[in-house]
Structure formats: structure tokens, C-alpha cells
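Colleague: Take a look at the following structure, please.
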Amino acid sequence: MTHAISMQQFGGPEVLQWTAVDDSHPGPLEAQIRQEAVGVNFADVYMRTGNHPAKLKFPAILGVEGAGVIEEVGSEVSGFAVGDRVAYFGVLGAYTEARSVPADKLIKLPPTMSLLVAAAILVKGITARYLCRQAFPVTSADVVLIHAAAGGIGTLLSQWSAALGATVIGTVGSEQKVDFARANGCHHVIVTAHEKLADRVSAITKGEKASVVFDALGGDTSLLSLDCLRPRGTLVIFGRTAGFPHAIVPFEHLMQKGSLKVTMTQLLDFAGTRTDIDTAVSDLFSAVEAGRLRPAIGQTYELRDTRQAHRDLEGRKTVGSIVLVV
């Protein structure tokens, strides 16, 4: 019998239940995976609370990325075999000990990459890549401001931007996260709880301000971020942990502040095809193997303790990536 974390309704972490589920065999184009690690993302919280466009059918199993070992392959699967170490993302239902995954979603892992690291970096690392390589191609001439710099995406985005030669300014919510952000790519760290964002960015850059702001927070932060940008700068909103951006910015406001650009992005638009995914994964794994990226796993929890992982994530008690160990 396999166990999973399932939910029967939307709500707080208490709706997540440790449940026995039936074992299943893979379909013709699937592989059955015995999972060892599962990544946790803030999108999981959105789904749990009903604040996500994904349509859940109850009972529902959350989680969109995991890593493990293939136990069985479907009759029409080629390129994968029993015993292969694989990972995947974008397939709902990862909070479980074992599951079947479409073979065209699987990614073979390099021998040097652990299953724990793979589960920690796929969604977050591919997101960091598209942000600094595609949404705004970062160069050594740029000053980059990254909100939530001590988070799972923030740490990888800070490291990647620094590896590209940019000056990286990170924001964190408390003093306890300052050293962690500095150790993961930030040259300067702003504690938003007691520092004025635009004033500190201006002081750090001697009035030049930032080329780009990468905003995972949304809410009021997005509007405040416009004051941190130099003329022709870009605000890239890619998350909403503090809610959707509250204000509608008139177009003339962008002109008055220096012909600014604003975009709100989602991963699917940058990793929507298998070619996109293969290119992104190749870049990501190469960056890890070369040491340009250092996966920062801040916390691990047993799968049965997923409730606590969600509580800590929502309570801003975590740093780096969160991984559930199966």
C-alpha cells in the first residue's frame, strides 16, 4: 500500500491528510516511480487554499515536482528502464510515496546529482533561468534587485545573476535571513521590515538605481519597486506571495518615471515545449555541475510532515528550497 498527502477540500495546512492510496501500474506511456524526494513550491499553497487557476478534483494530491527511481515502465515507453534515476516537474500529484508519470515528462539525472537536489531545483532553477536569461537577459552591466532573495527561487536567481557578472541587491524580511542571502549571491541585502526600499537602492547604487527588479512578492511591493528602477528599467513580476499587485499603474506613470517596462510572467510560457524544457534543464544542470549554482536546501521534512512544511513556508520561517523526504 502506498501513502500520500491528500486533501478533500480547500483550506489551511490542516486539510492535508496522510492517507493510504491504492497502488497502480503505469499506463502504456508511463513509468512508475518510487519517489525519494518531493519539492515544495509556494504554488502548492495557492492550490491548497483554492487561490490558483488549476482545477482540482477531490480527493486531490498536491505537488508538481519530484525525484526517484523507476520501478516499472509501460509497454510503449522507450528511452527509460527500471532502475533509472529520474525527476519531473509540472505533473500534479507529487506528494506521494510512489506514482506513475508520463514518460515524456521524465528527466534523466546526471550520476553526480542527488535525488534530493533534483527535487529542490527543477521548478525553482528553471524559473530562475528564464527570469535572468529570457524575461530580462542579465549582463555584467546590470544592477539587479531581487525580492525574497533568501527563498528557493531567490537564492538560485541571486547566484545566477551574480555568475553573469551583475551587481545583486536582495531583499529579505528579517535580519535572520541576511547572512543566508549574502552567502547565496547577494552583494547587498536590504531588510524590508525596517529599511526604506527605494532610498536604500539609491544609496547602494549612488543614485543610479536598478536595471531590473525581479518581484516574487506582488502586493504593495510591485508598486514600490518602480521607484527602484533607473530610466528604461524593467519590473518583472513572477510571483504573488503577498497577493496580486494592488494598484493599476497608468501608462503615463511609467513614462514619468523614466519610460519603465513592466511584465508579469509564468513558467509555462518559457517551458511549454519539450525543446524548451530540455534546453532549460541542460543549462541548469550544467550550471550546478560547474559550481555556478549551489542548491541551497534550507529545510527537509518527512512526507508525512507536509502540514508543518506548509505552515513554515507560509509563516516565512524558511530559507532556500524545501524538500519532502519520502
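Colleague: Take the residues in the stretch 70-96 that are in contact with a strand residue (DSSP E or B) (Cβ under 6 Å, 6 or more places away or on another chain) and under 22 Å from residue 19 (Cα atoms), then tell me which one is surrounded by the most Cβ atoms within 10 Å (Cβ to Cβ).
Modeller: 94
Colleague: While we're on this one: Suppose we filter the stretch 265-282 for residues that are buried (at least 16 other Cβ atoms within 10 Å of the Cβ) and either in contact (Cβ under 8 Å) with a residue 12 or more places away in the chain or within 25 Å of residue 225 (Cβ to Cβ) (or both); how many remain?
Modeller: Qualifying residue count, the stretch 265-282: 7.
Colleague: Can you work out which of the residues in the stretch 179-190 that are of a type outside the set (Gly, Ala, Ser) and in contact (Cβ under 8 Å) with a residue 24 or more places away in the chain is farthest from residue 316 (Cα to Cα)?
Modeller: Checking each candidate, the answer is 187.
Colleague: Can you pull out the residues in the stretch 306-326 that are free of Cβ contacts under 8 Å to residues at least 12 places away in the same chain and either out of contact with any strand residue (DSSP E or B) (no Cβ under 9 Å at 6 or more places or on another chain) or not in a loop (DSSP other than H, G, I, E, B) (or both)? Lay out the reasoning, then the answer.
Modeller: To start, the set of residues in the stretch 306-326 that are free of Cβ contacts under 8 Å to residues at least 12 places away in the same chain comprises 315, 317.
Selection gives 315 alone.
Colleague: Quick one: which of 171, 139 is surrounded by fewer than 24 Cβ atoms within 10 Å (Cβ to Cβ), free of Cβ contacts under 8 Å to residues at least 40 places away in the same chain and among the hydroxyl-bearing types (Ser, Thr, Tyr)?
Modeller: Only one candidate passes the filter, namely 139.
Colleague: Considering only the stretch 37-49, I want to know if a residue exists there that is surrounded by fewer than 16 Cβ atoms within 10 Å (Cβ to Cβ), at pLDDT below 95 and over 24 Å from residue 293 (Cα atoms).
Modeller: The answer is yes; a qualifying residue exists.
Colleague: Moving on. Looking at the stretch 146-263, what strands (runs of 3 or more DSSP E) fall wholly within it and have at least 3 residues that are closer than 21 Å to residue 127 by Cβ and among the hydrophobic types (A, V, I, L, M, F, W, C)?
Modeller: On the way: elements: 167-172, 188-191, 210-215, 229-237.
Once the strands (runs of 3 or more DSSP E) in the stretch 146-263 are filtered for at least 3 residues that are closer than 21 Å to residue 127 by Cβ and among the hydrophobic types (A, V, I, L, M, F, W, C), what remains is 167-172, 210-215, 229-237.
Colleague: Here's something else I'd like to know. Kindly list the number of the only condition in (1) modelled with pLDDT under 95; (2) within 24 Å of the chain's Cα centre (by Cα) that fails for residue 182.
Modeller: (1)
Colleague: Within the stretch 191-213, is there a residue that is touching a helix residue (DSSP H, G or I) at 6+ places or on another chain (Cβ under 8 Å), of a type in the set (Gly, Ala, Ser), at pLDDT 95 or above and more than 27 Å from residue 313 (Cα to Cα)?
Modeller: Yes, that holds for at least one residue.
Colleague: Could you tell me whether the stretch 48-57 includes any residue that is assigned by TED's automatic domain parsing to the domain that holds residue 307 and among the hydrophobic types (A, V, I, L, M, F, W, C)?
Modeller: Yes, the stretch 48-57 has at least one match.
Colleague: Just wondering, is there one or more residues in the stretch 108-126 that are part of a strand (DSSP E or B), modelled with pLDDT of 95 or more, under 19 Å from residue 216 (Cβ atoms) and not aromatic (Phe, Trp, Tyr)?
Modeller: Residues of the stretch 108-126 part of a strand (DSSP E or B): 108.
Adding the requirement that they be modelled with pLDDT of 95 or more leaves 108.
So of that shortlist, the ones also under 19 Å from residue 216 (Cβ atoms) come out as none.
Among the residues of the stretch 108-126, not one is part of a strand (DSSP E or B), modelled with pLDDT of 95 or more, under 19 Å from residue 216 (Cβ atoms) and not aromatic (Phe, Trp, Tyr), which makes the answer no.
The values are calculated or read from the model by the stated rules, or taken from the named source; none is laboratory data. This one's a predicted model, so the numbers in the text were calculated from it and none came from an experiment. Cβ sites come from the backbone with ideal geometry, for glycine too, and all protein chains shown count toward neighbours.
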